[in-house]
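*Asks:* What follows is a single structure, and I will ask about it in a moment.
The values are calculated or read from the model by the stated rules, or taken from the named source; none is laboratory data. Fair warning: this is a prediction, and the values are worked out from it, not measured in the lab. For neighbour counting, all protein chains shown are included, and Cβ atoms are generated from backbone atoms with ideal geometry for every residue, glycine included. Each accessible area value is taken on the protein alone, full model and side chains, heavy atoms only, with ligands, DNA and RNA left out. Shrake-Rupley method; radii C 1.70, N 1.55, O 1.52, S 1.80 Å.
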Amino acid sequence: MAATELEPASTERGIVTHVDTAEVPSAAWGWSGESPRTFRIAGWIVAFILVAMVIGNHKGRVEDIYLIGFAAAIVGILVRDSFLRRKPR
């Protein structure tokens, strides 16, 4: 194997990563990459908090429009993601 080629990390728990542990030290523990489930949960929590912020001491409705609009955009992204995850590649 040439010096520039990377060897995959151990296949512990069936996870194979092609990240060089010299560049990303946390890859040796399996911490490299994204966590889609965590992002989805965080998205739902943020959308809920945005809708909950409508209840407040503000007089105008412009703030409500922005809060509900951003919450609807987040929910739309999450729903689209759930449909795309079910669709076979």
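*Asks:* Could you look through the stretch 58-72, keep only residues that are open to solvent by 50 Å² or more (accessible area, probe 1.4 Å) and assigned to a helix (DSSP H, G or I), and pick out the one that is farthest from ALA47 (Cα to Cα)?
*Replies:* If we take residues in the stretch 58-72 being open to solvent by 50 Å² or more (accessible area, probe 1.4 Å) and assigned to a helix (DSSP H, G or I), then VAL62 is farthest from ALA47 (Cα to Cα).
*Asks:* Out of the residues in the stretch 49-89 that are within 21 Å of PHE39 (Cα to Cα) and among the charged types (D, E, K, R), which is farthest from the chain's Cα centre (by Cα)?
*Replies:* LYS87
*Asks:* From the residues in the stretch 21-57 that are among the hydrophobic types (A, V, I, L, M, F, W, C) and either exposed (fewer than 10 other Cβ atoms within 10 Å of the Cβ) or over 16 Å from ILE74 (Cβ atoms) (or both), which one is modelled with the highest pLDDT?
*Replies:* Initially, the stretch 21-57 is screened for residues among the hydrophobic types (A, V, I, L, M, F, W, C), giving 22, 24, 27-29, 31, 39, 41-42, 44-55.
Adding the requirement that they be either exposed (fewer than 10 other Cβ atoms within 10 Å of the Cβ) or over 16 Å from ILE74 (Cβ atoms) (or both) leaves 22, 24, 27-29, 31, 55.
Working: ALA22: 72, VAL24: 72, ALA27: 66, ALA28: 68, TRP29: 68, TRP31: 62, ILE55: 91.
It comes out as ILE55.
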